[in-house]
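Asks: Dropping a structure here in structure tokens format, bear with me for questions.
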Amino acid sequence: MRNLDLSNIAKSVISEEAEALLALGNTIGKLFNDVVLKINEINGRVILTGVGKSSHIAKKIASTFASTGTPAFFIHPTEASHGDLGMIQGNDILIALSRSGESSELRDVLIFCKQNDIPIIAITAVVDSTLAKLSDFILRLPEVDEACTLGLAPTTSSIMMLALGDSLAISCMEVKKFTKDNFKMFHPAGKLGLSLLKVGDVMHTGDKIPLVNLFSSLSDSIIEMTRCSFGCVGVTDESNRLIGIFTDGDLRRNLLSINLAKPITEFMAEQPYSLDADSFIVDSLKIFKNKRIPSAFVCDGSKPIGIVHIHDLIQRGLL
């Protein structure tokens, strides 16, 4: 058994599922557009339901809807028959998943929705099934064989349901004009949430910003740099615009010929890189990496309003 090569089976499964997805893509048309508009038209939630493998897919689709700005949740049809129907409200919409469209467990949910004028969207492969007949919209899955070698286990049908659900959720997201800011609000934790932080969320402000004016001496600049512990000091002109930066690296490089009484403008580097407070950290990371700098001032126009150090990003797990 250890010498058995199953790679051909894997390739066949992936190939069959890929072909099924392409077939599904070719079926998308005006009806899909109508369904998306209907979902966005309601004032309630999107309720997902299904049995067996379809229930797992339905849960994932509900999660995708919810995380992209469309309130949604999964309801198990068996639990629905024992009281959870009370979770469905009159301004909701139901999406029911069943390849055959004949899952008997769906009966009570479907009847409840029909009696209460709750729109039903069916995702099924059989357009004359019970589910399809009770539905207001039918998103039909192409009739393709399951990738299972026995042709029985839900495989291609499951992946098509998932892709169709993702397509609905992302299309609704576009209609709602869901932004990165909205996404961040729903994903505050983890690497994803951190990467959606803005520079303004992590920058140091006020008296924590190491700044001197262009008339300051090198000695005063070193004192200010030491006070704030960012390894640099920004230099501003009479209008408080950032015109230069002096770093501890510059100090080491000029150590042998240094004159502490000279103005900082003789040692600073002009036109330092700066960040925008409204830019995303994930974009600002590129500046730190590409320019190989440990810190950068945050400016409003050309006036410094904050500073971000690479340690701020490391501590948050972004690097």
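The values are calculated or read from the model by the stated rules, or taken from the named source; none is laboratory data. Model, not experiment: these values are computed from the prediction. Note that we place each Cβ from the backbone using ideal geometry, even for glycine, and neighbour counts take in every protein chain shown. Remember, those area values only see protein heavy atoms, side chains included, never the ligands or the DNA or RNA. Shrake-Rupley method; radii C 1.70, N 1.55, O 1.52, S 1.80 Å.
Asks: Could you give every pair whose Cβ atoms fall below 7 Å, whose first residue belongs to the range 26-46 and is under 12 Å from L139 (Cβ atoms), and whose second residue is assigned to a loop (DSSP other than H, G, I, E, B), counting only separations of at least 6 or pairs across chains?
Replies: T27/P142; K38/P119; I39/T70
Asks: Continuing with the same structure: In the range 141-161, which residues are assigned to a helix (DSSP H, G or I), of a type in the set (S, T, N, Q) and open to solvent by 10 Å² or more (accessible area, probe 1.4 Å)?
Replies: Correct list: S158 only.
Asks: Picking from L85, L97, which residue would you name as being closer than 27 Å to E19 by Cβ and touching a helix residue (DSSP H, G or I) at 6+ places or on another chain (Cβ under 6 Å)?
Replies: L97
Asks: While we're looking at this one, here's another question. In the set T49, T70, T27, which member is touching a Cys at 6+ places or on another chain (Cβ under 9 Å) and either part of a loop (DSSP other than H, G, I, E, B) or modelled with pLDDT of 95 or more (or both)?
Replies: None of the other options fit; the residue is T70.
Asks: Restricted to the range 103-140, and to residues that are β-branched (V, I, T) and assigned to a loop (DSSP other than H, G, I, E, B), which residue is least open to solvent (accessible area, probe 1.4 Å)?
Replies: The extreme case among them is I118.
Asks: Can you name every residue in the range 209-266 that is among the basic types (K, R) and within 18 Å of K303 (Cβ to Cβ)?
Replies: R241
Asks: Would you pick out the residues in the range 281-308 that are more than 22 Å from D250 (Cβ to Cβ) and open to solvent by 30 Å² or more (accessible area, probe 1.4 Å)?
Replies: Answer for the range 281-308, where residues must be more than 22 Å from D250 (Cβ to Cβ) and open to solvent by 30 Å² or more (accessible area, probe 1.4 Å): V282, D283, K286, D300, G301, K303, I305.
Asks: Shifting gears a bit: Say whether the condition of being touching a helix residue (DSSP H, G or I) at 6+ places or on another chain (Cβ under 9 Å), touching a residue at least 60 places away in the same chain (Cβ under 8 Å) and closer than 18 Å to S171 by Cα is met by at least one residue in the range 100-112.
Replies: No - not one qualifying residue is present in the range 100-112.
Asks: Still on this structure, I have one more. Give S216, S195 a once-over and let me know the one that is small (G, A, S) and at pLDDT 85 or above.
Replies: Criteria check complete, one pass: S216.
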